[in-house]
1. Taking loop as defined by DSSP and a crowding limit of 15 other beta carbons within 10 Å, which GluC sites (Glu not before Pro) in the range 210-256 fit?
2. Can you send over the solvent-accessible area of residue 123, 1.4 Å probe, protein chains only, in Å² to the nearest 10?
3. Which Cα, out of 54, 241, 208, lies furthest along the positive dipole direction of the chain (beta carbon charges, K/R +1, D/E -1)?
4. So how do 86-95, 284-293 stack up, highest first, on mean other-Cβ count within 10 Å?
5. Only helical DSSP H runs with n ≥ 4 go in: add -39500 (n - 2.57) per run for the chain, normalise by residue count and round the 222 nm mean residue ellipticity to 500 deg cm²/dmol.
6. About the Cα centre of the chain, what is the dipole size in debye to 20, counting +1 per Lys and Arg Cβ and -1 per Asp and Glu Cβ, all else neutral?
7. How about residue 280: which lysines have a C-alpha closer than 24 Å to its C-alpha, ignoring those fewer than 8 places off in the same chain?
8. Could you put 304, 194 in order of accessible surface area, largest first, with the 1.4 Å probe and the full protein assembly present?
Amino acid sequence: MEISLGHKSKIVVIGSCNTDMVVKANRLPIPGETILGGTFYMNPGGKGANQAISASRLGAEVTFISKIGYDLFGLQALEIYKSEKINTDFIFTDSKSPSGVALISVDSFGENSIIVAPGANRSLSTEDISKAVSKIVEADIILIQLEIPMEAVEYAVELANRYGKKIILNPAPASGLSDSFLSNIHAILPNRIEAEMLSGVKVTDIESAHRAAQIIGERGIENVVITLGKEGAYVKEGEMYTLLPAKEVEAIDTTGAGDVFCGAFSVYLSEGHSLTDAVKFANIAASLAVTRIGAQSAIPYRSEINI
Ligand code: ATP
Ligand code: RIB
């Protein structure tokens, strides 16, 4: 399926909307410790939103299915999605919950740790998703993460499958998933921690990434892409295994790097490129993002990617 020039592929992203509260420090605190950090930033985020904006900036026509609270954070997020040319017809509002918030610490190497208070994300329902069936039917790819209820995720996968859609799953945050669920996914994109959760193998090097990819594959998924931070991504495509390195850059903030990777991967795949080329494209986009502060503010545009 090669998309002709000028015609955008269609991606439906189903996932979370958060506002990120970020503090940079020399290092991350250990349990029980208070440390002094640097400047505080408040940025729009959420894995679903970051991936939707990535897909839109990188060239796809995007519908985002999500839920906000009836508050300033939610309304601001909605305005941002509109300005990013995302279809917001299926952004629902929960008047009883606050919008999602993420507390993020970033160390001097750009590594982060995150706690999410899901708020309204927790009430995205199967009924909400069923309202977007027309968009799911016409999509080239459905992209999902796990910051929304598992019931909604399972329903979305079942619905998309019914219409023969390619489903890309970013299994973040890490969670146990059944083999029968996994067998309906076209490609899964875990990071090291999520890959360990799914395979039982601690991913520390290429050999362990290979074993993890193999085990995840045996659970019923043909295509596995384990992202390895600055090492790039380890790819299982059917019976082929390859390490595809990231670009060498100076990382300032890796927050959302995985989201840019997923958005970029989905766009390139939806345009009819091979899985390997989609990973190469995603590595370039994500390595650019880590050279900039923030999640959404760091997302590159298509014109910045030379492949
Ligand atoms: P995060 O949670 O920080 O958003 P993640 O843990 O989901 O990220 P990673 O495996 O850390 O995902 O990174 C995703 C992709 O981002 C990598 O596969 C790579 O392409 C790019 N990347 C991450 N860190 C770096 C880095 N230091 N230098 C270059 N590219 C990087
Ligand atoms: O992947 C990064 C994102 O995770 C942040 O934007 C934060 O909101 C959490 O969802």
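1. Values: sites: 218, 222, 231, 237, 239, 248, 250; in loops: 222, 239, 248, 250.
Filter output for the range 210-256: 222, 239, 248, 250.
2. The value for residue 123 is about 40 Å².
3. Positive-most Cα among the choices belongs to 54.
4. On the way: 86-95: 17.9, 284-293: 21.9.
Packing order, densest peptide first, comes out as 284-293, 86-95.
5. Details: 10 runs with 101 residues, N = 307.
My calculation for the chain gives -9500 deg cm²/dmol from helical runs alone.
6. Numbers: 26 positive and 36 negative charges, 80 e Å.
Rounded to the nearest 20 debye, it is 380 debye.
7. Candidates past the 8-residue exclusion: 8, 10, 47, 165, 166, 230, 236, 247.
8. Working: 304 70, 194 20 Å².
The most accessible residue leads, giving 304, 194.
The values are calculated or read from the model by the stated rules, or taken from the named source; none is laboratory data. Worth saying up front: this structure is predicted, and the values here are computed from it rather than measured. Reconstructed Cβ throughout: ideal geometry from the backbone, glycine too, with neighbour counts over all protein chains shown. Heavy atoms of the whole protein, side chains included, go into the accessibility calculation; ligands, DNA and RNA do not. Shrake-Rupley method; radii C 1.70, N 1.55, O 1.52, S 1.80 Å.
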